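The block underneath contains the structure these notes are about, expressed in structure tokens.
The values are calculated or read from the model by the stated rules, or taken from the named source; none is laboratory data. Given the structure is predicted, the values throughout are model-derived calculations rather than measurements. So basically every Cβ, Gly included, is an ideal-geometry build from the backbone, and we count neighbours across all protein chains shown.
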Amino acid sequence: MSMQMASLTVVLGGLFVIPVSLIHAGPSDQGTPPVVQQKAPSFWDQQYMLGDWGGERTRLADKGVTFDINDIGDFQANVAGSEVHHATYFGRFRASTDIDFNKLANFNGEFFATAIWQYGPNLSGKYLQTNTLTSSIAGEDSVRIDQLWYQQGFADNMFKVKLGQIAAVNEFGATDFFDILFNDELGYAPNTLFTARQPFSPAGKPGIILWGDLSDVTPGLYTKAGAFTAYHNAYYPDIHGFNYGSDFNYGAVGSFEIGYEEQKTNYAGTYKLGINANDLAIYTNPATGQNYDGDFTAYALAQKTVYHPVGADGKLELKKGLDLLMEFVDAPGDRNSLQDEITLGSRYTGLIPGRDEDKVAFGFIYSKNGYASSTAYQALNGHGLSGEATVELDYQYNPTPWLSIQPDTQVIIDPGGDTTRSTIVVLGLRTIVRF
């Protein structure tokens, strides 16, 4: 662990060493304005636990340089089911910086870098043998660079090119419900997507994305395509995210998406159709032993704000309301453990009066096992596999802008698609601290 901590120190030190100065302000209607120190918010009211760095954080953000440092910790325990009961604490410390060159230097470019320290055991990954992961910060114990890329826009942003170390799943198939739902399928991306071996967070790999604005056809319409290095094991031998030479030893995966983002509306909506594919000779039918060259996953995603409450002034309260999510993913059932997956999610912000920033969410996941995996399982156990259903309910309490406390309940029916296994109940508590 000492080596990991040393690596983290080097990474974060390189990304976040900046000067700190004071900002003064004070308007006056009599002569020369006096120079007075702007009153800082209290510890409990400030946006970040470590404050505004004497005003330097705001000054840099105005110039296009922003920082995000946070720690997410998941305590989870399976309290019901035939499995031995376990309790785990699983966490991820992340530090990111983003530079918007439009603001900083008046040209259409963006630089992004993020590093993580992943620590602790994952409950479902280590103990439960389920189709889904009960934590959306899934990953191996590691200290590594996750993403490191530069994006350049051309022709008044009609085209963009992103090049570098990229988490491709973030770009092709992920949702933005990460802020509330625990489960990896709902809070990040369905597990069926990962069979195509496209890089994911926190194990980004070298790649390129080309993005095109199709607003001349329909406002809000876009298309993008990407090519990335695939992997055999996402974490090894590239354990810290710097061993780029080894990343090119395992073939490539390509991605394509066409999407539509509703424009000029108080009820935002995003709709996507995409496919990820490779030609890797690593797939085998578990029932027949037949080998295959290549694999693919296809997805359809719809995310929509459907309701805003009306305030006392008769206007819509746009920061409150109900968002809905639906995603469907399909993959060949002859070579993948999962062949179909559907996820449904709902998120309401500001449901309880006086708790405008709090969120409550409900999610449902159904993952169908691949038919070849079911046949092979039946040969060994006397019965096949069907599918697994998971229901999730949680509430996010935000006592301060920099702290979230989130109790969560997940009920997993037919774990792993095995109807002979008893239902698993997982209770969890997530904390998010924004530094």
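Odds and ends about this structure:
- Matching entry among 231, 235, 250 (being among the hydroxyl-bearing types (Ser, Thr, Tyr), buried (at least 22 other Cβ atoms within 10 Å of the Cβ) and at pLDDT 90 or above): 231
- Residue satisfying all of: in region 359-384; in a strand (DSSP E or B) and of a type outside the set (A, V, I, L, M, F, W, C); surrounded by the fewest Cβ atoms within 10 Å (Cβ to Cβ) among these: 366
- Flag for residue 435 being within 24 Å of residue 83 (Cβ to Cβ) and of a type outside the set (Ser, Thr, Tyr): no
- Only residues that are over 18 Å from residue 208 (Cβ atoms) and hydrophobic (A, V, I, L, M, F, W, C) were counted in region 226-257, giving 3.
- Where residue 218 falls short, out of the listed (1) of a type in the set (S, T, N, Q); (2) crowded, with 18+ Cβ neighbours inside 10 Å; (3) closer than 22 Å to residue 159 by Cβ: (2)
- Test result for residue 73, surrounded by fewer than 21 Cβ atoms within 10 Å (Cβ to Cβ), closer than 20 Å to residue 202 by Cβ and either hydrophobic (A, V, I, L, M, F, W, C) or touching a strand residue (DSSP E or B) at 6+ places or on another chain (Cβ under 9 Å) (or both): yes
- Set 356, 340: member being more than 21 Å from residue 386 (Cα to Cα), of a type in the set (D, E, K, R) and either over 19 Å from the mean Cα position of the chain (by Cα) or not in a loop (DSSP other than H, G, I, E, B) (or both): 356
- If you filter region 85-100 down to residues that are buried (at least 18 other Cβ atoms within 10 Å of the Cβ) and of a type in the set (A, V, I, L, M, F, W, C), you find that the one that is farthest from residue 152 (Cα to Cα) is 90.
- Inter-residue pairs, beta-carbon under 7 Å, first at pLDDT below 80 and in region 34-52, second β-branched (Val, Ile, Thr), 6+ apart: 38/23
- Residues satisfying the stated conditions in region 306-321, i.e. at negative phi and surrounded by fewer than 16 Cβ atoms within 10 Å (Cβ to Cβ): 306, 307, 309, 310, 311, 312, 313, 315, 316, 317, 318, 319
- Filtered residue count, region 58-116, keeping only those that are of a type outside the set (Gly, Ala, Ser), assigned to a loop (DSSP other than H, G, I, E, B) and either within 26 Å of residue 129 (Cα to Cα) or without any contact (Cβ under 8 Å) to a residue 12 or more places away in the chain (or both): 6
- Single residue of 288, 297, 305, 284 found to be free of Cβ contacts under 8 Å to residues at least 40 places away in the same chain and not small (Gly, Ala, Ser): 305
- Criterion applied to 281, 312 was being under 24 Å from residue 228 (Cα atoms), not acidic (Asp, Glu) and not in a strand (DSSP E or B), and the one residue passing it is 281.
- Test: residue in region 427-435 that is under 22 Å from residue 351 (Cα atoms), assigned to a strand (DSSP E or B), among the polar types (S, T, N, Q) and at pLDDT 95 or above: yes
- Of the residues making up region 395-418, those that are under 18 Å from residue 124 (Cα atoms) and either modelled with pLDDT under 95 or assigned to a strand (DSSP E or B) (or both) are 407, 408, 409, 410, 411, 412, 413.
- Only strands (runs of 3 or more DSSP E) whose full extent lies in region 160-273 are considered here, and the ones with at least 1 residues that are within 17 Å of the chain's Cα centre (by Cα) and farther than 16 Å from residue 138 by Cβ are 205-213.
- One residue from 295, 330, 334 being touching a Lys or Arg at 6+ places or on another chain (Cβ under 7 Å) and crowded, with 16+ Cβ neighbours inside 10 Å: 295
- Within region 118-141, tally of residues that are surrounded by fewer than 20 Cβ atoms within 10 Å (Cβ to Cβ) and closer than 27 Å to residue 71 by Cβ: 8
- Of all residues in region 150-160, at least one satisfies being of a type in the set (S, T, N, Q), more than 26 Å from residue 341 (Cα to Cα) and in contact with a Lys or Arg (Cβ under 6 Å, 6 or more places away or on another chain).
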